[in-house]
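In what follows, a single structure is set out as structure tokens and then discussed.
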Amino acid sequence: MNEINQIEPEHGPGRLADYLAELLKRFRHFSGPMEPPVGMASHLARIRVSGRLLAALDRSSGPVAEGFVRLGGVLGEWVTFFESSPESFPLNLASPVERLADFLEELLARRDQGVPAAELGTDGGWSAVLASFRHAGTPLAVLEDVEDLFSRWGRHWTDDNLTPLQEQQLFRRWLSLRERGDVLFQVDGGRTRRLDDLGGPTGGSGEILLLVDSTFRRDEIRDKLVARDYRVEIPRDPAQALEFLSAGPAPRAVLCDNLEPTLHLTNLREGLSSLAGVAVIPLVLVVGSSLAGAQDEERARSLGAAAAWREPFDPVDLGRILQCLSQP
């Protein structure tokens, strides 16, 4: 039996099924507005179809396969209960239910494209969907929606289709919002609370700084890493990357190219050499189409990087690189 099917993942179809089943019990004691949440009926109609297909998604006998079957059953109960008691569904569930409908359709499309069911059962998207239900009705739900919008925005808007004035206005608006958020979360006499102040693991596969010249390549790499549960920060230039690094916490690595005229890797390495008190952070050279093979590694080291990461930019390959770099 495949090892990945022997242990149910921490976040997967089974965990989501358990949580949704518990929510359904609570709905039976809840009476909301007479009108159901806007869009809920159409979202659940999509979920009805996806739920029926989940049972056939994985033909193995492991926990992940059982989780798909269990989730399909729970989703069927959700649809039936909504049809009989739409007033029992809180208004704040419209967004999580829509996110679940989108995710399941994307999951099934990937299965049709040949992605193994075991891989789909451990996809990082399960944790995001579960979090959206857990945070519904709280301020964290707002941040879930913001993160989702940022992800969608990143696929459609780039520096190439914003006018210089729009880009400047967008940047200023973001700085204003960020400043207000920093004030909101200040504690201990004005000291800004950072991730490393919170203690414990920050989740996911770790944070990555991504600094590449091509907008298309940047979006491609970011989407691949985010899908593998990496947290990706994209500084606008080496100077801002140095600001991130000096503010902390330290990322697992900085991925950057070294194309003319920006020379990201060279400029970042020079900046790091003059930055006091910053932990040693691996630099990884991002290499486009290349037939050089081992020569890419030599070029990376000659530029001061610890390794080279090539197309097709497989997150699994990056994971192996980071694992090797973390070993003493």
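The values are calculated or read from the model by the stated rules, or taken from the named source; none is laboratory data. Just so it is clear, the structure is predicted and the values come from calculations on it, not from any experiment. All Cβ positions, glycine included, derive from the backbone under ideal geometry; neighbour counts span all protein chains shown. The protein model used for the area step is the full one, side chains on, heavy atoms only, and it has no ligands, DNA or RNA in it. Shrake-Rupley method; radii C 1.70, N 1.55, O 1.52, S 1.80 Å.
Listing for the model above:
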| quantity | calculated |
| --- | --- |
| Largest to smallest accessible area among THR266, THR138 [probe 1.4 Å] | THR138, THR266 |
| 25 °C / 0.890 mPa s Stokes-Einstein diffusion coefficient of the stretch 26-150, Kirkwood radius on C-alpha pairs, µm²/s | 160 µm²/s |
| Formal net charge of residues neighbouring GLY271 (Cβ-Cβ distance under 13 Å; K, R +1; D, E -1) | -2 |
| Two-site FRET efficiency, PHE150 against SER61, from Cβ-Cβ distance with R₀ of 35 Å, rounded to 0.05 | 0.35 |
| Relative packing of peptides 17-23, 170-176 - highest average C-beta neighbours within 10 Å first | 17-23, 170-176 |
